[in-house]
1. Scan the range 2-10 and give yes if some residue there is crowded, with 17+ Cβ neighbours inside 10 Å, modelled with pLDDT under 95 and not in a helix (DSSP H, G or I), otherwise no.
2. Out of 64, 115, 23, 77, report the one residue that is part of a helix (DSSP H, G or I) and crowded, with 23+ Cβ neighbours inside 10 Å.
3. Does residue 210 satisfy the condition of being touching a strand residue (DSSP E or B) at 6+ places or on another chain (Cβ under 8 Å), part of a helix (DSSP H, G or I) and either farther than 20 Å from residue 127 by Cα or at pLDDT below 95 (or both)?
4. Could you figure out which of (1) within 30 Å of residue 153 (Cβ to Cβ); (2) surrounded by fewer than 17 Cβ atoms within 10 Å (Cβ to Cβ); (3) within 16 Å of the chain's Cα centre (by Cα) isn't true of residue 110?
5. For the range 118-134, name all the residues that are without any contact (Cβ under 8 Å) to a residue 60 or more places away in the chain, part of a helix (DSSP H, G or I) and either surrounded by fewer than 21 Cβ atoms within 10 Å (Cβ to Cβ) or touching a strand residue (DSSP E or B) at 6+ places or on another chain (Cβ under 9 Å) (or both).
6. Which condition number does residue 175 fail, the rest of (1) over 21 Å from residue 46 (Cβ atoms); (2) without any contact (Cβ under 8 Å) to a residue 60 or more places away in the chain; (3) part of a helix (DSSP H, G or I) being met?
7. Working carefully through the options 137, 106, find the one that is in contact with a helix residue (DSSP H, G or I) (Cβ under 7 Å, 6 or more places away or on another chain), within 17 Å of residue 78 (Cβ to Cβ) and assigned to a helix (DSSP H, G or I).
8. I need the full set of residues from the range 26-50 which are within 21 Å of residue 65 (Cα to Cα) and surrounded by fewer than 20 Cβ atoms within 10 Å (Cβ to Cβ), in order please.
């Protein structure tokens, strides 16, 4: 669909809110307020998920909005998580620590550039590579969860923070497919039980938001490689069955 030229207020307000949350996360990390920094990244992720849907629902898509959203994502899901995890944990590694943070940041930039260039031809059911908001949620969820467990020194769990930071960056630029969940119809009718399930999900998240967020983001990050391995095994099994039939 041909996007309109110009600027629309409503979707760009949410994009600006996401950008502000990402910037605030960096400032909070500089002041050693790491729990607030992690929560700000989560807020940015929520706002980022809303701006695109609102633009589509109100028919206010524009080229400006696409570029603005991409730049906001770079700050909120590229720079902010890398700087927060560096300040909280990776700084104790010295050069190796900031190199790991840079790998994550560069991977986010590459992921966004690839997504922008392939958006017109890419399928809607799957993402190619781990989405940057999901990678940021993994980093922020880890920090928030550790802070609730009163692990204030992230340097004590470098055996967790370092590999997660590097692996999250690698997954973003990989060809592993992740489900996009774009096929959910938010405007369609649903049974009453579906509304009840949504309420229960909100209650479950509100009970332990940090642990739920970290576990969900970790599950989503690992779902891509697991799905890829399953598909590879199915392909090999089907190829062996075809070869046996030919013999």
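The values are calculated or read from the model by the stated rules, or taken from the named source; none is laboratory data. Predicted model only: the values in this text are computed from it and were never measured. Don't worry about glycine lacking a Cβ; one is built from the backbone with ideal geometry, like all the others, and counts go over all protein chains shown.
1. As a first pass, look at the range 2-10 and keep what is crowded, with 17+ Cβ neighbours inside 10 Å: 8.
This time we only want the ones that are modelled with pLDDT under 95, so: 8.
Narrowing further to those that are not in a helix (DSSP H, G or I): 8.
Yes, that holds for at least one residue.
2. Numbers: 64 fails: crowded, with 23+ Cβ neighbours inside 10 Å; 115 fails: crowded, with 23+ Cβ neighbours inside 10 Å; 23 fails: crowded, with 23+ Cβ neighbours inside 10 Å.
The unique qualifying residue is 77.
3. Working: touching a strand residue (DSSP E or B) at 6+ places or on another chain (Cβ under 8 Å): no; part of a helix (DSSP H, G or I): yes; either farther than 20 Å from residue 127 by Cα or at pLDDT below 95 (or both): yes.
Here the answer is no, as residue 210 does not meet what is asked.
4. (1)
5. 118
6. With respect to (1) over 21 Å from residue 46 (Cβ atoms); (2) without any contact (Cβ under 8 Å) to a residue 60 or more places away in the chain; (3) part of a helix (DSSP H, G or I), residue 175 is out only on (3).
7. Numbers: 106 fails: in contact with a helix residue (DSSP H, G or I) (Cβ under 7 Å, 6 or more places away or on another chain).
After applying the criteria, what remains is 137.
8. Answer for the range 26-50, where residues must be within 21 Å of residue 65 (Cα to Cα) and surrounded by fewer than 20 Cβ atoms within 10 Å (Cβ to Cβ): 43, 46, 49, 50.
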